[in-house]
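The values are calculated or read from the model by the stated rules, or taken from the named source; none is laboratory data. Predicted, not measured: the structure shown is a model, and the values here were computed from it. In this analysis, Cβ positions are derived from the backbone assuming ideal geometry, glycine residues included, and neighbour counts consider all displayed protein chains.
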DNA sequence: CAGAATCCATCAGGATACTG
DNA sequence: CAGTATCCTGATGGATTCTG
C-alpha cells in the first residue's frame, strides 16, 4: 500500500485551522484555474481578453477571482495610467509552479473522460432498473 | 516562454460542452479530494470512519459526494449484507492515479503557505491605507 | 450502521446599470 | 477599458428526522 505520502497528505490537509484547505480550494476552483493558466500562457493579459477567453464567466466573478488571486500573490496587477485605462495581469513565479500540477490533472481528465462517461451511464442505468423493479 | 503545453491546457479546458470542466471541478472540490485521499490511504474505509476523519463534513455532503464519486467510477462501494450493515468504500485504479497530482498540489500549498499569508497581509494593509486617505 | 428525505439558511454568482 | 455597485435567484450545504 502507498501508505507513505497519502497519510501525510491526509493529515496535512487537516492541520492548521483549515488554512490549507482554504488555499487549496481557492486555487483549484473553476475560475482560478483558468485565469492562472491564461496568465501563464498568454500573460501579461488584459481584463477584457480574459473575459473573452473564459466562456461563461461573468464580469463580477472575473473581478472577484482576480482580486482574490492578487491578494494571495498569485497574480500581479499592473495599471497603465492611460486613457482609456489599460490593466494587465501576470502570473507570479509562485503561480507558475502550479502549471505542472494543473497539467497533470488536465491530462488525467483527458485520459479518463470516456471511462467516466461510461461509468456514469452504467450507474444511471442501474438506478433505472432498480426503480423499475 | 512555456507556450507549449499551457496553450493546450487552456484550449482543452474549453473543448467539449464543458464536460472537461465539470469533471475537473467534481474531482478537485473540497470534499472529493479528502474522500479520495482517505480511500487511497486507508481504503477500504467505512462511512462512519470517513465522517469522523473529515472535520466539518455533514452526513448529507458525505453521502452526496460519495454517490457522485461512485457514479464517476472513482470510488467503489461494497455492501456487506450483515446486521448492522457494513459498507466499505475503496478508491478505483483511476482514482489512485490522482494521488500524484494531489500530492503536488499539497506540497505547493505547504511550500507557499507563508508567502501567501504574507501577501494577504500586505494586500489588506494597502487597502486600509487607501481607505484612510 | 448507513443512509434517504425533508426543510431551510446562506451565499455564490449572474444580469444589469453606472463611472473614472 | 476596466472596473464598481446593486439587485436577485438558484444551488450549496447544514441540521434534523426517519428507516431497513
Candidates B:110, B:70, filtered to the one that is in contact with a helix residue (DSSP H, G or I) (Cβ under 8 Å, 6 or more places away or on another chain) and either buried (at least 19 other Cβ atoms within 10 Å of the Cβ) or at pLDDT 95 or above (or both): B:70
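Working only within region B:46-61, note down all residues that are outside any helix (DSSP H, G or I) and either near DNA strand C (Cβ under 9 Å from one of its atoms) or surrounded by 14 or more Cβ atoms within 10 Å (Cβ to Cβ) (or both).
B:46, B:54, B:57, B:58
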Selected residue (criterion: farthest from the other protein chains (Cβ to nearest Cβ)) from residues of region A:41-63 that are over 13 Å from residue A:88 (Cα atoms), more than 8 Å from DNA strand D (Cβ to nearest atom) and touching a helix residue (DSSP H, G or I) at 6+ places or on another chain (Cβ under 7 Å): A:61
Verdict on residue B:101 being surrounded by fewer than 19 Cβ atoms within 10 Å (Cβ to Cβ), without any contact (Cβ under 8 Å) to a residue 60 or more places away in the chain, over 20 Å from residue A:127 (Cα atoms) and at the interface with chain A (Cβ under 9 Å from one of its Cβ atoms): no
The one condition in (1) at the interface with chain A (Cβ under 7 Å from one of its Cβ atoms); (2) part of a helix (DSSP H, G or I) that residue B:73 fails to fulfil: (2)
Single match in B:103, B:126 (criterion: touching a helix residue (DSSP H, G or I) at 6+ places or on another chain (Cβ under 7 Å) and away from DNA strand C (no atom under 12 Å from the Cβ)): B:103
Options A:79, A:87, A:64, A:25: the member that is in a helix (DSSP H, G or I) and modelled with pLDDT of 95 or more: A:64
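Out of curiosity, is residue A:92 facing chain B (nearest Cβ under 10 Å), on the phi < 0 side of the Ramachandran plot, in contact with a strand residue (DSSP E or B) (Cβ under 6 Å, 6 or more places away or on another chain) and more than 12 Å from DNA strand D (Cβ to nearest atom)?
On the way: facing chain B (nearest Cβ under 10 Å): yes; on the phi < 0 side of the Ramachandran plot: yes; in contact with a strand residue (DSSP E or B) (Cβ under 6 Å, 6 or more places away or on another chain): yes; more than 12 Å from DNA strand D (Cβ to nearest atom): yes.
So residue A:92 passes the test.
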Residue satisfying all of: in region A:76-89; more than 14 Å from every other protein chain (Cβ to nearest Cβ), within 8 Å of DNA strand D (Cβ to nearest atom) and in contact with a strand residue (DSSP E or B) (Cβ under 6 Å, 6 or more places away or on another chain); farthest from residue B:120 (Cα to Cα) among these: A:86
Considering residues of region A:5-22 that are at pLDDT 80 or above and surrounded by fewer than 16 Cβ atoms within 10 Å (Cβ to Cβ) only, the residue farthest from the other protein chains (Cβ to nearest Cβ): A:22
